[in-house]
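The values are calculated or read from the model by the stated rules, or taken from the named source; none is laboratory data. Keep in mind that what you see is a predicted model, and the values were worked out from it rather than measured. Here the Cβ positions follow ideal geometry from the backbone for every residue, glycine too, while neighbour counts run over all protein chains shown.
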Amino acid sequence: MTSKNNHSLYQHALQHKVAPRESAWLKLDTKLEKSRNRKSLSMYRLVSIAAVLVAILSVITVFSTSSDKSIHISGQNTSLAQVYAIEELVTTDDSGIYEINKLRALNSAYTRISAKRQL
């Protein structure tokens with residue numbers, strides 16, 4: 001019997017219709033209008049981000065090309081900047097104190113010096 005009641009209740013629920021109030025349609029319309037404004041705002045945000053990126057790239061380009069020109073200008077005007085000669089570091093095959101024979105000689109020299117001081 002309960003299944004029969006459930007079925008009839010389900011049938012009545014399918015047939016039951018209620019019309020929404022007029023204020024509900026107005027609320028829905030205002031919410032939709034707000035979402036439309038948000039979409040245009042998000043488009044404005046994307047365009048502004050793209051403009052900022054273009055501006056940053058152009059500033060980087062200007063500074064990178066102007067740095068090459070500033071080197072030539074400072075080289076011509078020596079009264080404002082001093083010119084220094086850069087000497088090359090000469091490297092030899094001498095491994096310095098890291099050779100075992102030199103380390104042994106250095107160790108024995110320190111041992112002799114410490115022995116003389118203790119006397």
**SER8 among the hydroxyl-bearing types (Ser, Thr, Tyr) and within 47 Å of the chain's Cα centre (by Cα)** = no
**Complete:** Restricting attention to the stretch 11-30, the residues that are over 58 Å from the mean Cα position of the chain (by Cα) and in a loop (DSSP other than H, G, I, E, B) number exactly 1
**Prompt:** If we scan the stretch 50-64, do we find a residue that is surrounded by 10 or more Cβ atoms within 10 Å (Cβ to Cβ) and either modelled with pLDDT under 85 or of a type in the set (Asp, Glu) (or both)?
**Reply:** no
